[in-house]
Amino acid sequence: MSEMKNIKNLKEFSTSADRFEGANLLCPGCAHSIIVREVLNATNDDLVLSASTGCLEVCTAVYPYTSWDASWIHIGFENGSTAVAGAETMYKALKKKGRLKQPERTPKFVSFAGDGASYDIGFQWISGCMERGHNIMHIVLDNEVYANTGGQRSSSTPIGSSATTSPEGKKSYGEKINKKDMMTIMAAHGIPYAAQVSPNKWKDMVKKIQHGFAVEGPVFINAVSPCTTEWKFDPKDTMHIADLATDSLVFPLYEIINGQELNITYRPKNVVPVEEYLAAQGRFKHLFKDEYKYLIKEWQDRVDEKWAYLQRREEARV
Amino acid sequence: MAKKGWDEFEIGAMLRTFDGKIDNIAATQQEDRAYSQNSSYTASVADWRLIKPVFNKDYCIDCQFCWIYCPDVSIISRDKKLVGVDMDHCKGCGICVEVCPTNPKSLLMFPEQADEESVIANWPKKDEEEA
Ligand SMILES: Cc1ncc(C[n+]2csc(CCOP(=O)(O)OP(=O)(O)O)c2C)c(N)n1
Ligand code: SF4
Ligand code: SF4
Ligand code: SF4
Ligand SMILES: [Mg+2]
């Protein structure tokens, strides 16, 4: 087992040598790369990475350039998780046969994918990885939309959001189906660790990623990734939007251990009304028209209910 | 074309980030790495910017918020101190300025053509800052 990187505070964290590079083609202010940096800097171990098709992959591997300073592979939209699971299986086999040049260096195997690639297109592939028990971490960069192809709805898109395939207009308030609860679905595989994270809470993120690296078996991470282009806010406000997401409890931060034990890891001192979170983003602008205002109340009720549910589960240890 | 076995496949493209052998990249800072021409580190997105961040070290408390939240690895920190902004890789998003907690801020956005020395000389004072 390799040693866990000691990160007591942000100053200490800032001595990390990044293994992700700039001059990639992600939008200014994109949260994908903030998440990636926090994850990669959480360890000093070698890394074997994949990215499924989507903004992160497309923008960091534009021939003849790569923005990755670690082994990195891209194959298709659906199979980033299995690509890394394959590498992990090969690694185990070579180790068993004594054919590794440096068997004491155990890499971390991480698959990055969008919500489209995880909640929809790569769903069964991820499920297979979780079920087979590979020692990998799958991280969803959850911007709640197919951003790379122009903003089509995915099963992560929340109610009332205007997406290109569920646009708001005279007859519609946008997306009508509630966001899929991936955390519960993934935890139901009985995996050792599933957690929801947000880049503004870097310490919570690092703790969870390090825990995920330390356990043996598959790990699922859902990371909220505010998208300046599709959520429609100014690039400078990415962290402000992330703050609103966690502090309104629209994205509660919690973990589920062994598919059972649920812990809430962040309780905002001042809970922000959901309305404030919605008002800060262009994709929800139409909800503030008189005829759709009732949806804001419904939003708040849904968030309150979910928070109560999480608290009940935490208390009951189930 | 020669027939391929089941475990042979056509590699789309393989890029090497570094020239030569690299032993412990996680312990090697950018300036000590031998990047190959395929690393985007060797490219620039400076022409994306209309506005740029300027760093004024006089007020900086080295909290490193700007370092952690910069999406583009463009805040250079070494030995827990903020050194400056990497102007080849900064896209001018302005996040670093938003998250800077000092008053006045230690980072502010200015038009790309602004002269750094003169904006630092005319840096806003504490009471000029909005609350
Ligand atoms: C099998 C397949 N279907 C569709 C596409 C087109 N496609 C490329 S990226 C993308 C959207 C990715 O969305 P998501 O996974 O949420 O990542 P994001 O870009 O939002 O980060 C789509 C639909 C593809 N490349 N392959
Ligand atoms: S569209 Fe959104 S997710 Fe994609 S690069 Fe731009 S900000 Fe990032
Ligand atoms: S403006 Fe954006 S890209 Fe440039 S240094 Fe600040 S946070 Fe980084
Ligand atoms: S956020 Fe401001 S005070 Fe903190 S290190 Fe950066 S420039 Fe200095
Ligand atoms: Mg997406």
For chain B, the charge dipole (Cβ of Lys, Arg +1; Cβ of Asp, Glu -1; about the Cα centre) points to a positive end, and the Cα of B:68, B:122, B:9 closest to that extreme belongs to B:9
Percent of alpha-carbon pairs separated by more than 13 Å within the range A:272-318: 61
Note to self, chain B gives a 222 nm [θ] from helices alone (DSSP H runs n ≥ 4, -39500 (n - 2.57) apiece, / all residues, nearest 500) of -2500 deg cm²/dmol
Principal-axis tilt of helix A:294-316 within chain A, Cα atoms, nearest 10 degrees: 40
Relative contact order (%) - criterion: Cα under 8 Å, at least six apart; region: chain B: 24
Qualifying GluC sites (Glu not before Pro) for the range B:1-98 [loop in DSSP, other Cβ within 10 Å: at most 12]: B:8, B:10
Set of the range A:71-95 residues, backbone N closer than 19 Å to the point 7 Å along the Cα-Cβ line of residue B:15: A:71-77, A:80
Once both labels are modelled 7 Å past Cα along the beta-carbon direction, what's the residue A:301-residue A:215 spacing in nm? 3.5
When 1/r is averaged over all different Cα pairs and the result inverted, which Kirkwood radius in Å belongs to chain A? 20.0
Placing +1 at every Lys and Arg Cβ and -1 at every Asp and Glu Cβ, with all other atoms neutral, what dipole size does the protein assembly as shown have around its Cα centre, in debye to the nearest 20? 1160
Rounded to a whole %, the carbon-and-sulfur portion of the accessible area of the protein assembly as shown at a 1.4 Å probe is 53
Considering only Cα-Cα distances, which of the following residue pairs are longer than 32 Å: A:8/A:285; A:180/A:236; A:201/A:306; A:170/A:208; B:21/B:81; A:97/B:21? A:8/A:285; A:170/A:208
Loop only per DSSP, at most 14 neighbouring Cβ atoms within 10 Å: give me the trypsin sites (Lys or Arg not before Pro) in the range A:161-196, ordered by residue number. A:170, A:171, A:176
Distance from the range A:134-206 to the range B:83-123 (C-alpha centre basis), Å: 33
Backbone N within the range A:174-191 under 19 Å of label point (7 Å from residue A:132 Cα along the Cβ vector): A:186-187, A:189-191
Taking the chain alone as reference and the full protein assembly as comparison, with a 1.4 Å probe on protein heavy atoms only, the residues of the range B:53-70 that lose at least 40 Å² of accessible area are B:67, B:68, B:69
Exposed-site-free run, longest, chain B (rule: trypsin sites (Lys or Arg not before Pro); DSSP loop; at most 13 other C-beta within 10 Å): B:58-124
As an exercise, identify the GluC sites (Glu not before Pro) in the range A:162-238 lying in DSSP coil whose Cβ has no more than 10 other Cβ atoms within 10 Å. A:216
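The values are calculated or read from the model by the stated rules, or taken from the named source; none is laboratory data. Every value quoted in this text rests on a predicted model; they were computed, and no experiment measured them. Please note: Cβ atoms are built from the backbone with ideal geometry, for glycine as well, and neighbour counts cover all protein chains shown. Ligands, DNA and RNA are stripped out before the accessible areas are found, and what is left, the full protein with its side chains, is counted by its heavy atoms. Shrake-Rupley method; radii C 1.70, N 1.55, O 1.52, S 1.80 Å.
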